[in-house]
Amino acid sequence: MTAASPILSLQAVQKMFGPHAAVDSIDLDIAEGEFFTIVGPSGSGKTTLLRMLAGMDQPTSGNILLRGQYINNLPANKRPTCMVFQSLALFPHRTVGQNIEFPLKIRGEDPAKRKARALQLMDLLRLPQNYYSKNVMKCSGGERQRVALARALAYDPQILFFDEPLSAIDYKLRKTLEKELKDIHRETKKTFVYITHSLEEAMVMSDRIGVMRAGKLVQVGTPHEIYSSPNTRFVSEFVGDVNVIPVSLGSKNLLKSGLAPKGLKPPRVPEGFENGHLVIRPEYLRFLAKAGDADNALTGRLYNEYALGSRIQYQVRVGDTVFVVEKLRQQPFTGKLDDDVIIGWDAKDAILVTD
Ligand code: ATP
């Protein structure tokens, strides 16, 4: 988190639809210049929250403050903010230049200044200058996305809201645009508030991420914190493949599980912990030559392998439980499918969560 003061503050913000709380008592500060992403599964309340922040909807209760000023009832067009949608809402029969200049035109800027600013924004968004006169419908999906962002920046808003702007774009281009968006954030130094259901996307771009579940913000942290210290099983499973073992605290501070009769050596045990789950990410599991080579070891059968480019992922079956093990391609391993294998991990590399 940056040291900057909050540009947006949410205090116990709630939105009811009949008896259902779509957004349930959210407290949050978003810092000036921050790239903050709200992530969560479908129906968790992301759009409802963003609509309230952008002034398209009002909270049922709670306060929204912009630099300390109460703005609950301030309509969208009176706020120094701008929304970039998945459906781009560009003017189809106009040129790239006319689309980008639209906000400057309604503000009454003279044509020469408008054009200069449009060309400057096109440069920032890596759109060729000769696209200025190109019909926007003759641009590719990715180029149109850049035109929409250039137009949003032409409003010169203090905060840009993004509602899943990349979800309709194919994988490769999306990966490029994610990085470009992060670069643009750096260059413009504006506050970006972004929603997506893809935590992978959130990880690439954000300074901080807020994870939503059933209307509540269940964890807020840097991408590193969310990945390496998830506070619940829900958050841990939201960040890609993960191994989860139900455990309870047994005698001698060992964890009891159905998988290891002698018990498992735990990571740091949260105070008051009795029952919960041990979470181990696939890259922390490794194949062992013998059981003593890691704090914890399990014997299983190598069931399948998947090439993931620079990494290889393996499925190992321990009884009825399937474990996912991942290693870098260049790390040596000679195991073959159906071999008996020993997998293991060091206690410090796992996480204990209570639910
Ligand atoms: P998605 O990723 O699918 O867009 P979301 O996280 O953005 O989902 P919301 O659209 O904010 O979720 O919806 C949160 C909950 O509020 C859902 O249960 C939804 O059905 C409900 N909801 C949203 N808008 C309304 C509305 N206008 N009237 C009634 N219920 C609504």
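The values are calculated or read from the model by the stated rules, or taken from the named source; none is laboratory data. This is a predicted model, so every value here is computed, not measured. All Cβ positions, glycine included, derive from the backbone under ideal geometry; neighbour counts span all protein chains shown.
Would you be able to say whether some residue in the range 225-240 is hydroxyl-bearing (Ser, Thr, Tyr), farther than 26 Å from Val325 by Cα and assigned by TED's automatic domain parsing to the domain that holds His20? Before you say what the answer is, go through the steps one by one.
So the first thing to find is which residues in the range 225-240 are hydroxyl-bearing (Ser, Thr, Tyr), and the list is 227-229, 232, 236.
Pick out the ones that are also farther than 26 Å from Val325 by Cα and you get none.
The answer is no, given that none of the residues of the range 225-240 is hydroxyl-bearing (Ser, Thr, Tyr), farther than 26 Å from Val325 by Cα and assigned by TED's automatic domain parsing to the domain that holds His20.
Among the residues in the range 35-58, are any under 20 Å from Lys216 (Cα atoms), more than 12 Å from the ligand (Cβ to nearest atom), over 24 Å from the mean Cα position of the chain (by Cα) and not small (Gly, Ala, Ser)? Yes, the range 35-58 has at least one match. Annotation: of all residues in the range 213-226 being part of a helix (DSSP H, G or I) and not charged (D, E, K, R), the one that is nearest to the ligand (Cβ to nearest atom) is Ile226.
Taking the conditions (1) assigned to a strand (DSSP E or B); (2) more than 25 Å from Ala21 (Cβ to Cβ); (3) touching a residue at least 40 places away in the same chain (Cβ under 8 Å) in turn, His185 satisfies each one other than (1). Note on the range 267-290: residues that are of a type outside the set (Val, Ile, Thr), surrounded by 15 or more Cβ atoms within 10 Å (Cβ to Cβ) and at pLDDT 90 or above total 12.
Consider the range 167-182 and keep the residues that are part of a loop (DSSP other than H, G, I, E, B) and touching a residue at least 40 places away in the same chain (Cβ under 8 Å). The one that is nearest to the ligand (Cβ to nearest atom) is Ser167.
Determine whether Ala22 is within 27 Å of Pro223 (Cα to Cα) and near the ligand (Cβ under 9 Å from one of its atoms). Give the derivation first.
Numbers: within 27 Å of Pro223 (Cα to Cα): yes; near the ligand (Cβ under 9 Å from one of its atoms): yes.
It is true that Ala22 is within 27 Å of Pro223 (Cα to Cα) and near the ligand (Cβ under 9 Å from one of its atoms).
Of all residues in the range 189-212, those satisfying the criterion of being part of a helix (DSSP H, G or I) and either modelled with pLDDT under 90 or within 16 Å of the ligand (Cβ to nearest atom) (or both) are Leu199, Glu200, Glu201, Ala202.
Scan the range 72-84 for residues that are of a type in the set (A, V, I, L, M, F, W, C) and either within 12 Å of the ligand (Cβ to nearest atom) or over 25 Å from Arg213 (Cα atoms) (or both) and jot them down. Before you say what the answer is, go through the steps one by one.
So the first thing to find is which residues in the range 72-84 are of a type in the set (A, V, I, L, M, F, W, C), and the list is 74, 76, 82-84.
Selection gives Leu74, Ala76, Cys82.
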